[in-house]
Structure formats: C-alpha cells, structure tokens
Amino acid sequence: MATEEKNDGQILTLENGLRVIFVKTQDVATAYVALLVDCGSLYEDARISGISHLLEHLIGEEGKTKEKRNRLLYRVERTGAEVTQCTGHQFTEFQLDTPLKKWALNLRLFLDMVAGLRCTEEDFAREQKVVLNEIEDNGGSEATYIFGLEADKRAFGQHSLGFDVIGSKNTVSSITIEMIKAWHKRFYQPQRIVLIVVGNLNLERVIRVVKKSKLYSVANRKTPIRLPPKIEPDWDAGGIIKGFDKNIVKIIFPMPSFEDEVDGALFYFVQYIFDDKSTLSLSWEVERKLGIYGGIEAEDNKTVCGCYYEVTLHASSHKLLKRLERKFFAWIDAICERGFSNDLFARIRNRRKQDINERKSREGYWWRDNHIDYIENNRLGSARLFVDINAFDKREMERVFRKYFGGKRLIFRSLKRKR
Ligand SMILES: [Zn+2]
C-alpha cells in the first residue's frame, strides 16, 4: 500500500505499556489532549450496565470534601482550559483543551485526575443521583436518539452492544462505591490507555511530563478481562419501531471485519460516496452515522465483536421519506449492477484529496477522530490517515461496494404510535 506523509503522527509505547500518539502542529494558542481508556459498556453484563459511565462521572469529582483550590479539575479549568469526558461502548474518553502557555502543568494535573479516584461516599451518592436523572431525561430527548437505542436493542439483543451506555435505573441504583473502585482498578491501567497529544510542542518534553504524572506510576495488573462475545447481527430483526413522530429510516449494512485489512482499507474510500451531497437531492437530508465495532486491542486479544455501518434517512414528511428511501436503494442497486461511473469515481477521489489537503489546517479534534479510527481498527483504520487512494483500482472498490452494500441489510422504520 502506498502511504502519504507518515510523519503526521508519532506512535510510541512507553515502558509501562502506555501508548502515546503525538502530532505536532503549528497552533500557538492551544494544545489538545485526548485520553482513551479501554473501558466501556462493551465489557459490562446486564447486571452492571452503566458502571463505566458512572465511573467516568466520578473521575475528577472531589466534591465538597476538598477545598476548591486543591481540586485538580478546578486548578486546570481556572487557567482557561476545558476538560470534557464521555463514555461509549468501546472506551471512556477524557479531553483537555489547554492554553499553550499552561500545557505542561495542565497535562500533569489532568493525568493525575484520571489516575486517581478521590471521591467520598457523599460524592458517590450525589453523582449516582445525577446519572439517575440523566436516565430519566433520556425519555424526553431527541426521537432519533431513542430510535437508535431501540434499533440497537433489536439488532444486538442481549449482547452488551444492545445496552444503553448509561445503564438503567435498576442497574445504576445497585452499583456501590466498592464496585466502582474495583472497576477503576481493573480498567484504568497504563496498558489499557492511549494518550493523544496535538499541539505546537516538543515530544521529549511531553514524555517527561507524562512520566512525572501519577498515571505513569499506576501498576499494570494482570486482571483478566471478560471479552465480549463476537456478535452476529440478526439481519432479519428489522421492522417498525412505534412511538416516534419523526420520519426516519435507519439502514444498517455489514462492514468488513477487523481482520480483513484489504476490504477494510477499500471500505474507507467507498464510504466517501456517502459524504457526497450531490448524490441525492439536497432538499432531503441523509445523515450518515458510522458505527465501527472493532474494539481496542486489549492486551494480546483483540475484542472483535462485529461491525456495522449505519445510514439514517430523514425527510420532512412520510411521503417524502418513502420517495427518498426508494431513491436511495435504487441508487445502491444501480451501482452494484453497473459499477461506479467515471464521474462518481472522480468525486470519491476529489473528496479524498480535499481531506488530505485540508489536513494541515485541522484542529486537534480532527486528529483525534482519525487516530481513534486507527486505534480501533489498527491497520484497517490507518487507511484513513495514510493510504493513497491512487493505490487502488476502480474494480476492487466496486467489488467491496457490492459485497458490503449490496447484500443483507437491516432496516428499521419509525412509526407514529396510534393513540
Ligand atoms: Zn453522563
């Protein structure tokens, strides 16, 4: 495979197993840090669903038990930096956006924060309530979100990918502070963490700061992790999900498996078709949502559990939606039958070229997205970063399109519930 500018990111593994990805940019105002812990709802079972998310809420939570000026999060944020955190199926993520001038101090405090769990019983009880409220609130959130959860449940059943990341009222209420502490010890180990640093910085200095942090001195335990089973989506599970007023259709296509490097790399380029707005009428919105469930590499095992690619069609009325859906599938079928037109192929190439050209001006978040692809999908994801589209021929790409978009697909339709 041809590669482009490999020096866009340096990837190294420190002696304690912590992986660091460093990207040097010319930005003089801020530095950006993302820390990914291989800990998410994927590893939970039905009884403890939501534990990774509750833990994430408690990181940096030192409540009223400590004086404000001693709290790590407060010390970081008072410099004008911003910390955000979230939990997904595959990992828990902490992000730091810091003024460049204060990067070293903030990075160290940020890593100390993630390494330690300093909450008291009181803090725990308060945060548990916050999460319970969050679960309650989801009932009122956007129809597309709830619709997506319902579709996951149908497609993945009792597999943890079918659970909501934030858990349920029952499971979250039954979690104790001891369980949280054990979960933190088990998952927040250097060998399960990837640190992405983007900024106008010097790599040696970044490493020096990392080594001074508390995260660096956390011992790697050889606690066995229960790996989630491989998933077999139920391709006949599609159907109508009642109770949503929005006009939405969600289509799930299979994706190349984690091990299939060639198909995987080609698949990345084929996806550009869905980014091309000229394909379908602009008056209709096509929201593409990509779900890759390849899994981060955990120790020597790869948590391969299955993958899918998700396209959501929206329209302002049911009638328009039906037309859009027909048009969408007619278009897919036509490509499967006749292959890519020269025009379409040129557009895919241009999208790729644009992406590569704009790369230099992209922010930390852009690098994060790309590197997350790389982490989750290993070499498969590196296509996104390094591989030159000219290295592949049109026929090979058509083969991949037919294989993954022409075959089985799960289709979920939303329907207004009749009163
Ligand atoms: Zn939350």
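Within the range 202-249, can you find the residues that are surrounded by 15 or more Cβ atoms within 10 Å (Cβ to Cβ), of a type in the set (Phe, Trp, Tyr) and not in a helix (DSSP H, G or I)? Within the range 202-249, Phe244 is the sole residue that qualifies. Applying a threshold of 6 Å to beta carbon distances and a minimum spacing of six or more residues, or different chains, the list of pairs starting in the range 17-41 at a residue that is assigned by TED's automatic domain parsing to the domain that holds Gln191 and touching a residue at least 60 places away in the same chain (Cβ under 8 Å) and ending at one that is of a type in the set (Ser, Thr, Tyr) and in a loop (DSSP other than H, G, I, E, B) reads Val37/Tyr188.
When you go through Ile175, Ile135 one by one, which is the residue that is aliphatic (A, V, I, L, M), closer than 27 Å to Arg413 by Cβ and within 16 Å of the ligand (Cβ to nearest atom)?
On the way: Ile175 fails: closer than 27 Å to Arg413 by Cβ.
After ruling out the rest, the residue left standing is Ile135.
For the range 70-113, a residue qualifies if it is assigned to a helix (DSSP H, G or I), surrounded by fewer than 18 Cβ atoms within 10 Å (Cβ to Cβ) and out of contact with any helix residue (DSSP H, G or I) (no Cβ under 7 Å at 6 or more places or on another chain), and the qualifying residues are Asn70, Glu77, Leu100, Lys101, Lys102, Leu105. Out of all the residues in the range 116-124, is one or more more than 16 Å from the ligand (Cβ to nearest atom), surrounded by fewer than 19 Cβ atoms within 10 Å (Cβ to Cβ) and within 17 Å of His53 (Cα to Cα)? The answer is yes, given that some residue of the range 116-124 is more than 16 Å from the ligand (Cβ to nearest atom), surrounded by fewer than 19 Cβ atoms within 10 Å (Cβ to Cβ) and within 17 Å of His53 (Cα to Cα). For Phe91, the conditions (1) in contact with a strand residue (DSSP E or B) (Cβ under 8 Å, 6 or more places away or on another chain); (2) modelled with pLDDT under 95; (3) under 20 Å from Arg208 (Cβ atoms) all hold with the exception of (3).
Against the numbered list (1) hydrophobic (A, V, I, L, M, F, W, C); (2) in contact with a Lys or Arg (Cβ under 9 Å, 6 or more places away or on another chain); (3) assigned by TED's automatic domain parsing to the domain that holds Tyr309, Ile225 comes up short only at (3). Number of residues in the range 134-156 that are surrounded by 14 or more Cβ atoms within 10 Å (Cβ to Cβ) and of a type in the set (Gly, Ala, Ser): the value is 4. In the range 228-257, the residues that are under 30 Å from Asp38 (Cβ atoms) form Cβ pairs under 6 Å with partners that are among the polar types (S, T, N, Q), at six or more places apart or across chains, as follows: Pro228/Ser160; Lys250/Thr312. Comparison of Gly167, Gly199 shows that the only residue that is buried (at least 21 other Cβ atoms within 10 Å of the Cβ) and within 16 Å of the ligand (Cβ to nearest atom) is Gly167.
Restricting attention to the range 71-86, the residues being within 16 Å of the ligand (Cβ to nearest atom) and over 14 Å from Glu61 (Cβ atoms) number 2. Would you be able to say whether some residue in the range 117-131 is modelled with pLDDT under 90, assigned to a helix (DSSP H, G or I) and within 30 Å of Tyr308 (Cβ to Cβ)? No, the range 117-131 has no match at all.
Sort out which residues of the range 140-162 are assigned to a loop (DSSP other than H, G, I, E, B) and within 15 Å of the ligand (Cβ to nearest atom), and write them in order of number. Walk me through how you get there before you give the answer.
We begin by selecting, within the range 140-162, every residue assigned to a loop (DSSP other than H, G, I, E, B); these are 140-142, 157-159.
Selection gives Ser141 alone.
So how many residues does the range 11-42 have that are in a loop (DSSP other than H, G, I, E, B) and either within 16 Å of the ligand (Cβ to nearest atom) or over 11 Å from Leu195 (Cβ atoms) (or both)? Give the derivation first.
Within the range 11-42, the subset in a loop (DSSP other than H, G, I, E, B) is 14-18, 25-29, 38-40.
Retained after the next criterion (residues that are either within 16 Å of the ligand (Cβ to nearest atom) or over 11 Å from Leu195 (Cβ atoms) (or both)): 15-17, 25-29, 38-40.
Within the range 11-42, residues that are in a loop (DSSP other than H, G, I, E, B) and either within 16 Å of the ligand (Cβ to nearest atom) or over 11 Å from Leu195 (Cβ atoms) (or both) number 11.
For the structure I just gave you, tell me whether Asp45 is within 16 Å of the ligand (Cβ to nearest atom), in the same structural domain as Lys211 (by TED's automatic domain parsing), surrounded by fewer than 22 Cβ atoms within 10 Å (Cβ to Cβ) and modelled with pLDDT under 95. Working first, answer last.
Numbers: within 16 Å of the ligand (Cβ to nearest atom): no; in the same structural domain as Lys211 (by TED's automatic domain parsing): yes; surrounded by fewer than 22 Cβ atoms within 10 Å (Cβ to Cβ): yes; modelled with pLDDT under 95: yes.
Spelling it out, it is not the case that Asp45 is within 16 Å of the ligand (Cβ to nearest atom), in the same structural domain as Lys211 (by TED's automatic domain parsing), surrounded by fewer than 22 Cβ atoms within 10 Å (Cβ to Cβ) and modelled with pLDDT under 95.
How many residues does the range 43-61 hold that are assigned to a helix (DSSP H, G or I) and more than 19 Å from the chain's Cα centre (by Cα)?
1
The values are calculated or read from the model by the stated rules, or taken from the named source; none is laboratory data. This structure is a prediction, so every number in the text was calculated from the model and none was measured. Here Cβ is always computed from backbone atoms with ideal geometry, including for glycine, and neighbour counts include all displayed protein chains.
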